[in-house]
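First comes the structure, then the notes that go with it.
Each reported figure results from applying straightforward, stated rules to the coordinates on display, with no laboratory input. Just so it is clear, the structure is predicted and the values come from calculations on it, not from any experiment. Reconstructed Cβ throughout: ideal geometry from the backbone, glycine too, with neighbour counts over all protein chains shown.
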Amino acid sequence: MSKRNQERICKAVLSVSEMHVFLAMPGFSTAIKGGLIFGLLCALAGAAQEQQVADVRTFGKCAALSKTTAATTSGEPTVLLNEVQSFRNGEYVTIFHAGPPRRLTRPSAPIVTPSVNAGGVDTITPRARSSEFACEIVAADKFGCYTTVSMPGSTSAGNRLGQQTIAITSGTRSNNLQRVTTSTAHGLMAGQMVYIRVLQH
């Protein structure tokens, strides 16, 4: 907030205090008092509205989006634009692919180990299956540099991906232990997370 606006608002606040004393004095009609209150409110609104106006360009924002190509030379502070733009001093610009060379190296092929969810981010080794999967890795840094994709790592003993469902035919509960019987062999592992949907009747 500018010093001028601060002074205007302080004066308006003082005027409010003086107005309270003024309105308590006898001999003034309701119409006069109402007019004085309205004038004071207008002064406060004007001061508040003025202090909210600011030129965002002084904080690095641009009034219009600019887009063009540029030629840069390593070690030189000057950039040659292909077209005239409306930049102002203090505005920010981004020049893609003009930074330092990528220092990342291409990742090695990942080792793919089949696993199932054991709750949260924990996993356990599942029963061996016959689904085939391959995974690849791309490394990236915070500046937006990416490597080429790695060689694939694969497995032929994976479990099917996605949600797997099986019907429950019966169940018993003792304290906090729930036992269920499924309609077919489930193939679950001890410690594997499962969701049991309970239907309300």
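Things worth noting here:
- Since only Thr78, Ala118, Ser170 are under comparison, the one whose Cα sits farthest along the positive direction of the charge dipole of region 65-201, derived from C-beta charges on Lys, Arg, Asp and Glu, is Ser170.
- Cβ-derived FRET efficiency at R0 22 Å, Ala167 paired with Met189, nearest 0.05: 0.70
- Extension reserve of the Phe87-Cys145 stretch, reckoned as 0.36 nm per residue once the Cα distance is removed: 18.2 nm
- DSSP-loop trypsin sites (Lys or Arg not before Pro) across region 131-201, with at most 14 other Cβ within 10 angstrom: Lys142, Arg160, Arg197
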